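A short reminder: the numbers here are calculations on the coordinates, not readings from a lab. None of the values given here were measured: they were computed from a predicted structure. Using ideal geometry, Cβ is built from the backbone for each residue, glycine included, and neighbour counts are taken over all protein chains shown.
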Amino acid sequence: MSLDCPPSCPFVPDRSSALDFPMGQIRRFAPARAAGAGSAEAGDVDETKRNLLKLLAIAGVVGAAGGGLVGGTLQYAQPGLVGAKSYPTVQLIDVDGSPLTATKVMQEYSSATADLYLFNYPLTNEPNFFLNLAPASSGTPGATNVPGGVGPQGSIVAYSAICQHLGCIAPSISYYPPGTCPQTFKGLSFYIHCSCHGSTYDVTDRAANLTGPAVLPLPQVTLEWKDPSQGGDDSIWATGETGPAVNGHFNTLIGGYEVGATQTLTKDTPVILCHFGLPSP
Ligand code: FES
């Protein structure tokens, strides 16, 4: 204890009652108070309140930053509504890397083609069958001038390769060439059939449902053929899609990443199982 303690010193016997404060509370005297100016309370600064305010301010800043961080994280953690703004125009490329032309398709693909040829459109997780329904030779069943068909015989079509029942994906759902199974539908011996539960689709009529349990047709990709007789280069393009939304997608354009400017066909082996559901009413 200092003997020359000033009047404001808390240790002098006649100290002001203003100096009494609860245990644990820190009180600091502002310079004006220490100089004796103003009232007893005017220059006091309550350090506990100040520290509390500081803590609240820091917590607010940290909370705001943390909130932004959490919010930003949640933004990416939630299922993204990624997709395409509109249907892209995409050129189809053959499995050998060359641009797909109708001339080439008519030479190399037909209703009898057993291997599956697939391409993704409009999103990278939406595979489609690429089919030429024209008969391979006389006597081989086929179809020409079908709805949406392009090429010199209107026989080149593309349908979603995701079943409209529970979403089995090619090759579980496959194109069956003529005579693959003994069943025929509307006189047709070739169709798209899903081995998962027996749904069947009419490749000659917008992939309409032939047997259940699926009730909806497969979405059909809109194809465009650059007709050489009209000055085109014989190339084939995907430009849109009709029918219901691709199974598993709220909207065909939402739920995946948009494909690029070209899409190359991939080859797969079909799953063959002659197990059919009930005919569609
Ligand atoms: S998923 Fe194709 S019939 Fe069930």
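Restricting segment 221-278 to chymotrypsin sites (Phe, Trp or Tyr not before Pro) that sit in a DSSP loop and have at most 11 other Cβ atoms within 10 Å of their own Cβ leaves 250.
Computed 3J(HN,Hα) for segment 102-117, one whole-Hz value per residue from the Karplus formula 6.51 cos²θ - 1.76 cosθ + 1.60 where θ = phi - 60°, is 4, 4, 5, 4, 5, 7, 10, 10, 7, 4, 8, 5, 8, 5, 8, 10, glycine and proline marked x. What does the C-alpha gyration tensor say about the overall shape of segment 94-203? Classify as rounded when a/c is under 1.5, otherwise prolate if a/b is larger than b/c, or oblate. Here segment 94-203 falls in the oblate category. Each of the peptides 86-94, 213-221 was scored by the mean count of other Cβ atoms within 10 Å over its residues; in descending order, highest first, they stand as 213-221, 86-94.
Under 5 Å from the amide H of residue 112 lie the amide H atoms of 136, each residue being 5 or more positions distant or on a separate chain, with H modelled from the backbone and absent for Pro and chain starts.
Among 186-192, 122-128, 135-141, the peptide with the highest mean count of other Cβ atoms within 10 Å heads the list, and the full ranking is 122-128, 186-192, 135-141.
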